[in-house]
Structures are given as C-alpha cells and as structure tokens.
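The structure under discussion appears below in the form of structure tokens.
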Amino acid sequence: MTLLKVKPVSAERLPELLRRMPKAELHMHIEGSLEPELMFALAQRNGLAMAYPDVASLRCAYVFDDLQSFLDIYHAGTLVLRTEQDFYDMARAYLVRAAADKVLHAEIFFDTQTHTGHGLSSDLVITGLHRACVDARAEFGMSASLILCFLRHLSEAEAFECLEQAVPLLDKLVGVGLASSEMGHPPEKFARVFARARALGLRLVAHAGEEGPPAYIWSALDVLKVERIDHGVQAIKDPALMVRLARDRIALTVCPLSNLKLRVFPSLAQHNLGRLLDAGIVATVNSDDPAYFGGYINQNFSQTFAALGLTAQHAYQLAHNSFEASFIDDAQKRRYIDRLTATFETFD
Ligand code: ADE
Ligand code: ZN
C-alpha cells in the first residue's frame, strides 16, 4: 500500500506529533482501565471492603511475573463493579482519557463472564458500557464500539451460554474476542462458539501469541477465522506465519507496555514492533490494561518510540494501520485517515 511520505521530525518534536496524531485503539480491556482511585470510590459507593488500605498500597501490588499473575489481580479489581452506573463510570473515565490522547475510534473489550460470575446480568454490563460509548460520540465526537471477550480458561459450554445471553443485545456489540490465560487453552477449544458468533454477524478477534506459540495464531486464523490477532508478537518465531500475516493484511494489535510489564520482552528496547513493521505486518499500538501497565495509548507510543528509535514515518504507518484494521465502515475510515494525513502535513 502506498502511504504518505512523511517529512522528517526531530527527536524532540516526535513526542508532540505522537500526542497530536489521530489514532484508533483496538485492544484495550475496559476492566483493565479501572484506576485505583475509581476502584476505591466504587467500593465505597457499593459498601465493599478493599483488600488494600489505600491507593498507594494497591498500586504497589502491580508487579507481575507473567500473564497469570496479572490476571489474578485484575480479577480481584473487578469485584467493585456492581451496578450499571459502575460500568458506565468506568467506561466514561477511559473514553475521556482516550479522547485526550486523540483516539478518534476505540474498540473496547469487556468480559461478561467475569461479572456474571459475580452474580450480575449481562444486560446490566452491556447497557452501562454502551451508554458511555453513545455519550462519547455526542460529547467528544469519537466513535466507540464493544467487543465481548470469552474467557478461555472457562469451558466451551460457558462461552456458548455467555454468547446466548448477549443475543438480545447484539445491536450494542461489534464483535467477539478471546482473552484470559493463554497457555493450555488453544483457540480451537472455541471453534463452534466463534462459528456461531460469525453466523450472528459479529466480527471476530482473538488473543494469540502473547505468551503462547505461533500454532495458536495459526489456529485463531484457520479454525476460528478471526480477522485480527490480539498481541501476536510470538509470530516472529515462525517465518511462514509472518508471510501469511503480511500477505493477508491480518492486523496485530500490539501492546508494548503490557508486554514489558508481563515480561514477554525483558525491555522495550528488545520489543519486536519495529521488526514486525519491517516485515510488512499491519501492526498497531494499544494499551491493553492501561491502569495496570503504566500507561494509556500515548504513553505506549512515546515510550516505545524512544526505546526503539522509531520515526515519524513509523508513526504515520501505525496510526494508518489502526484505522485500516478497525471495524468501522470504509467511508468513516477514509475520513479518519484524511484527518491523520492532514495532521502530518501541517505539523512543524
Ligand atoms: N485480559 C486482560 N488483559 C489480558 C491480556 N493481556 N491477555 C489476556 N487476557 C487479558
Ligand atoms: Zn489484551
């Protein structure tokens, strides 16, 4: 694809360009945007006790060895969510932050099974999140849509039940995804659930190759028939897979600060984002669980660019990829990409 040839931008000015650049965020878990301050406020509103005495001591607990050690804490944090208004407030807080980071479009993951497991209804969860998306459009002029993620450590039958509960609310969802503990839970476990979701007209994505092997990316593509891969950074171990991803323009929603905090890479300087782009892969930058991993989307951009020495041309490519890989219609994609191009053409 021919892209704008971007004027060089100095290292000093690049962070400002990254901040101002219009972008889409395609991989963030709304429950992972729940900041400790809001968590304490919701606990108080709902008359619940917190396991930590204050915000500072809770933040100190955010040190992880791997995905599972994070998921345990992440799950504990979701216990404060009890009402439709709680889900609205959580999504609202993220959307305010995203709009400030020049996110023009967000595709937001949520996992109903976490909340139905706490006795809440799917309806309450989806209605609260969706109301925040509708308000964000009116107030910030940004678009936002919802992707229901199945929890892969649970059974196929439970995923089916979750999907069927969402059927009356299908107009509030754009797609389904697959999240939670990857190792030992290959995508093919959910082949029939994804086939049903596809038949319902939903778009399909899945986490694969975050910690797990390239084989999980192959089966997400060939068995689940997903359109994007969440993370996918382990694809680099399999040259044939790299060729397939580039050839079919399968986007990877990469989350550099998440990969750093969950020790997928020992440092950001060793992250493979630059190599993925060099291989012609449609990579994007995203925040995953920003309240836990030390940064929202713009911090993911600025820290990764500084660590890898990426340029304004890479920035344009990544933002362009984010719109290209999104589930918005072509006319809207065109409008967003035109705004992106105008920002680069007028930046100095
Ligand atoms: N749920 C929330 N964040 C996740 C991640 N990084 N991988 C898998 N499941 C998740
Ligand atoms: Zn994720």
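Only the coordinates and a few stated rules stand behind these numbers; no lab work does. Just so it is clear, the structure is predicted and the values come from calculations on it, not from any experiment. We place every Cβ from the backbone using ideal geometry, glycine too, and count neighbours over all the protein chains shown.
So how many residues does the stretch 242-261 have that are of a type outside the set (Val, Ile, Thr) and surrounded by fewer than 22 Cβ atoms within 10 Å (Cβ to Cβ)?
Matching residues across the stretch 242-261 total 7.
Please work out which residue is nearest to Ser322 (Cα to Cα), limiting yourself to the stretch 262-309 and to residues that are surrounded by 21 or more Cβ atoms within 10 Å (Cβ to Cβ) and of a type in the set (D, E, K, R).
Looking at the filtered set, the residue picked out is Asp288.
For the stretch 164-199, how many residues are without any contact (Cβ under 8 Å) to a residue 60 or more places away in the chain and touching a strand residue (DSSP E or B) at 6+ places or on another chain (Cβ under 7 Å)?
The qualifying residues number 11.
Could you please find all residues in the stretch 236-260 being within 16 Å of ligand 2 (Cβ to nearest atom) and touching a strand residue (DSSP E or B) at 6+ places or on another chain (Cβ under 9 Å)?
Ala251, Leu252, Thr253, Val254, Cys255, Pro256, Leu257, Ser258, Asn259
With the requirement that a residue be without any contact (Cβ under 8 Å) to a residue 40 or more places away in the chain and of a type in the set (A, V, I, L, M), what does the stretch 126-147 give you?
Correct list: Val134, Ala138, Leu146.
Which of the helices (runs of 4 or more DSSP H) contained wholly in the stretch 13-119 include at least 3 residues that are surrounded by fewer than 20 Cβ atoms within 10 Å (Cβ to Cβ) and out of contact with any Leu (no Cβ under 9 Å at 6 or more places or on another chain)? Even if it seems obvious, please write down each step before you answer.
Values: elements: 14-20, 36-45, 55-60, 67-77, 84-100, 112-116.
Those helices (runs of 4 or more DSSP H) span 14-20, 36-45, 55-60, 67-77, 84-100.
If you go through the stretch 29-46, how many residues are within 16 Å of ligand 2 (Cβ to nearest atom) and either out of contact with any strand residue (DSSP E or B) (no Cβ under 7 Å at 6 or more places or on another chain) or of a type in the set (D, E, K, R) (or both)?
The initial filter retains those residues of the stretch 29-46 that are within 16 Å of ligand 2 (Cβ to nearest atom), namely 29-34.
From what's left, either out of contact with any strand residue (DSSP E or B) (no Cβ under 7 Å at 6 or more places or on another chain) or of a type in the set (D, E, K, R) (or both): 31, 33-34.
Within the stretch 29-46, residues that are within 16 Å of ligand 2 (Cβ to nearest atom) and either out of contact with any strand residue (DSSP E or B) (no Cβ under 7 Å at 6 or more places or on another chain) or of a type in the set (D, E, K, R) (or both) number 3.
How many residues does the stretch 246-274 hold that are more than 16 Å from ligand 1 (Cβ to nearest atom) and farther than 21 Å from Lys23 by Cβ?
7
For the stretch 167-189, check the following and say yes or no: at least one residue is in a helix (DSSP H, G or I), within 16 Å of ligand 2 (Cβ to nearest atom) and closer than 27 Å to Ser258 by Cα.
Among the residues of the stretch 167-189, at least one is in a helix (DSSP H, G or I), within 16 Å of ligand 2 (Cβ to nearest atom) and closer than 27 Å to Ser258 by Cα, which makes the answer yes.
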